[in-house]
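Undergrad: Below you'll find the structure I mean.
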Amino acid sequence: MTPDQALAVANAHAKEIGVDLSEYSVKVEFEFVEKNRTWSVLYDGNNDVVGNHFLIIVNDKTGNTRLFGGS
């Protein structure tokens, strides 16, 4: 999976749960953790509200996602 593909999968998940992506800046990273190849996509809110961020983990092999919310 490329960074753009991982971002597309994460963005699709975020949109499914009703997130307005224009309200967030995004950072994509690939991590090799415990032999699990995963992409971390961090969405950081554009305004200064505590907890205005969330993370979506994308499994490189399966494309499955996990959401870790902020607010």
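What follows draws every value from the coordinates through simple rules; no lab data is involved. Since this is a predicted model, take the numbers as computed values, not measurements. Here Cβ is always computed from backbone atoms with ideal geometry, including for glycine, and neighbour counts include all displayed protein chains.
Undergrad: So, with +1 on the Cβ of K and R and -1 on the Cβ of D and E, and no other charges, what is the size of the charge dipole of region 3-69 about its Cα centre, to the nearest 20 debye?
TA: Value, rounded to 20: 300 debye.
Undergrad: Now, a different point. Output the 0 to 90 degree angle, nearest 10, between the alpha-carbon long axis of helix 3-16 and the longest principal axis computed from the alpha carbons of the chain.
TA: Once rounded, the angle reads 50 degrees.
Undergrad: I would also like to ask the following. Would you grab the residues whose amide H sits under 5 Å from the one on His53? Only those 5+ places off in sequence or on another chain, please, with H modelled 1.01 Å from N.
TA: Gly45, Gly70, Ser71
Undergrad: State, to one decimal in nm, how far the label point of Val50 lies from the label point of Ala12, with both points 7 Å from Cα in the Cβ direction.
TA: 3.7
Undergrad: Jot down the radius of gyration and Dmax of the chain, Cα atoms only, both in angstrom.
TA: Every Cα atom of the chain included, Rg and Dmax give 11.9, 36 Å.
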